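The values are calculated or read from the model by the stated rules, or taken from the named source; none is laboratory data. Just so you know, these numbers come straight off a predicted model, no measurement behind them. Cβ coordinates were reconstructed from backbone atoms using ideal geometry, including for glycine residues, and neighbour counts include every protein chain displayed. SASA here: full protein model, heavy atoms, side chains in, ligands and nucleic acids out. Shrake-Rupley method; radii C 1.70, N 1.55, O 1.52, S 1.80 Å.
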Amino acid sequence: MLCLLLAAAPSFAQQKPKPASVIFDSDMGPDYDDVGAMAMLHAYADSGYFKILATVASTRYAGVAPVFSVLNTYFGRPNLPIGVPHKAGLDMRDWQHWSDSLLARYPHRIKTNGAVPEATEVYRQVLATQPDSSVTIITVGFFTNLANLLQSGPDQYSALSGAELVHKKVKRLVSMAGRFPDGKEFNVEKDAAASQRVFQNWPTEIWLSGYEIGAEIKTGVPLMRNEAITNSPVKDVFRIAIPKAAEDRDGRMSWDQTAVLVAAKGVAPWYRLQKGTMQVAADGSNTWRNGNGRHFYLVALAPPAPVQALIERVMAHQPMRK
């Protein structure tokens, strides 16, 4: 019996996931599925799927860094690095004013955008310290930061160019972006020039959760009605925002959460990957060519319901008290 137990031990050990080292990049508004995605990010960190290296904004509206600070603090990680594109970023924010509500109600160490570094600096500093081919970047916003990273030069953190640093340190980019097989999608369109640079020049594989994936998955209503969850900035965002749009009465479309899900758990059994190349036009529209490219987009294999239920459960995760 002892021999059997010992023989089984290596198999059991192999089943335990090794945490993926993750940089999370989000516009954090003008939509609010970003908040659900960030809740999932921390939930998967608490359960051992992720090691969060940094959380980075791809917008620069006043207060975006403090909003990141609110959510990181709530989930017990107040000192995570935060970056903002101080000059190049789009100034787009939530029209429902949930961000103002979070800043008024919840503790946060970062009080202004000026208190955090430029996003490109955060990327370079963090990537330079990581093992080769070890970092997963999850982007659920604009491609501003990633384009700037690719164009960055050597600095005090690394003698490598940005493109060289990405090639050396990044394993995979997972993104909520595009509409497949072709169309126009918000994250790609709004900084189309940055999107073009990234999809033409990014040196590692890219997994893409397109508009059509998240549009079928509506979440947040069970969370806002969950009386067991109190004093939660995540619940507050959905409670504030869902009633303000008729299209959200059954829940908000969950684009960003799907990117976090597949970054943590892989694509099976919900999706398969279609391999090829995504091309971005000057107006931000995208087309797709099947083949041997480094890009992959999600194709649904399962109905939306099981993915929706899973996302609801993970978004309801409560902070681990340390």
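What does the net charge come to around LYS275 if you take all other residues with beta carbon closer than 15 Å to its beta carbon, with K and R at +1 and D and E at -1? Write out the running numbers ahead of the final one.
Numbers: positive: ARG172, ARG272, ARG289, ARG294; negative: GLU205.
Summing Lys/Arg as +1 and Asp/Glu as -1 gives +3.
Top to bottom by accessible area (1.4 Å), largest first, where do ASP25, ASP91, ASP100 land?
ASP91, ASP100, ASP25
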Note to self: Test of understanding: what is the full-extension gain from GLN279 to LYS265, defined as 0.36 nm times their sequence separation minus their Cα-Cα distance?
What the structure shows: 2.4 nm
Check: Which whole-number percent of Cα pairs in segment 223-309 have a distance greater than 23 Å?
Finding: 45 percent
Next item on the list: From the P(r) of segment 75-130, can you give the percent of Cα pairs sitting at distances over 16 Å?
Entry: 58 percent
Notebook entry, point to check: Where is the GNM fluctuation largest for the chain (alpha-carbon springs, 10 angstrom cutoff): ILE240, ILE137, ILE52?
Noted result: ILE240
Next item on the list: Give a quick list of GluC sites (Glu not before Pro) in segment 140-216 that DSSP marks as loop, anything other than H, G, I, E or B, with at most 14 other Cβ atoms within 10 Å.
Entry: none
Next item on the list: Just report the Cα centroid separation between segment 266-282 and segment 39-98, whole Å.
Entry: 25 Å
Next item on the list: Kindly report the accessible area of the chain per residue (heavy atoms of protein chains, probe 1.4 Å, no ligands, DNA or RNA), in Å².
Entry: 42 Å²
Check: Of SER209, GLY251, PHE180, whose Cα points farthest to the positive end of the dipole of segment 180-267 (charges on the beta-carbon: +1 Lys, Arg; -1 Asp, Glu; origin at the Cα centre)?
Finding: GLY251
Item checked: Loop trypsin sites (Lys or Arg not before Pro), segment 29-89, which have at most 16 other Cβ atoms in a 10 Å radius of their Cβ (DSSP) -> LYS87
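Once Rh is set to the Kirkwood radius over Cα pairs, what Stokes-Einstein translational diffusion coefficient, in µm²/s, holds for segment 147-238 at a temperature of 25 °C and a viscosity of 0.890 mPa s?
Working: Rh = 16.2 Å.
The diffusion coefficient I find is 152 µm²/s.
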Notebook entry, point to check: Taking segment 217-322, which GluC sites (Glu not before Pro) meet the DSSP loop condition and have no more than 16 other C-beta atoms within 10 Å?
Noted result: GLU227
Next item on the list: Count the net charge of all other residues whose Cβ sits under 14 Å from the Cβ of TRP202, scoring Lys and Arg as +1 and Asp and Glu as -1.
Entry: +3
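Please give the charge dipole size of the chain, origin at the Cα centre, charges +1 on K and R Cβ atoms and -1 on D and E Cβ atoms. Round to the nearest 20 debye. Don't skip to the answer; put the middle values down first.
Details: 34 positive and 29 negative charges, 174 e Å.
Roughly 840 debye, rounded to the nearest 20.
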Checklist line | Alpha carbon Rg of the chain, scaled by the compact-globule rule 2.2 N^0.38 Å | finding: 0.97
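So, with a 1.4 angstrom probe, what is the percent of accessible area on the chain that is carbon and sulfur? List each step's numbers first, then the result.
Working: 7350 of 13620 Å².
C and S fraction of accessible area: 54 percent.
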Checklist line | Axial C-alpha extent at least 30 Å, average Kyte-Doolittle at least 1.0 - helices from the chain (DSSP) | finding: none
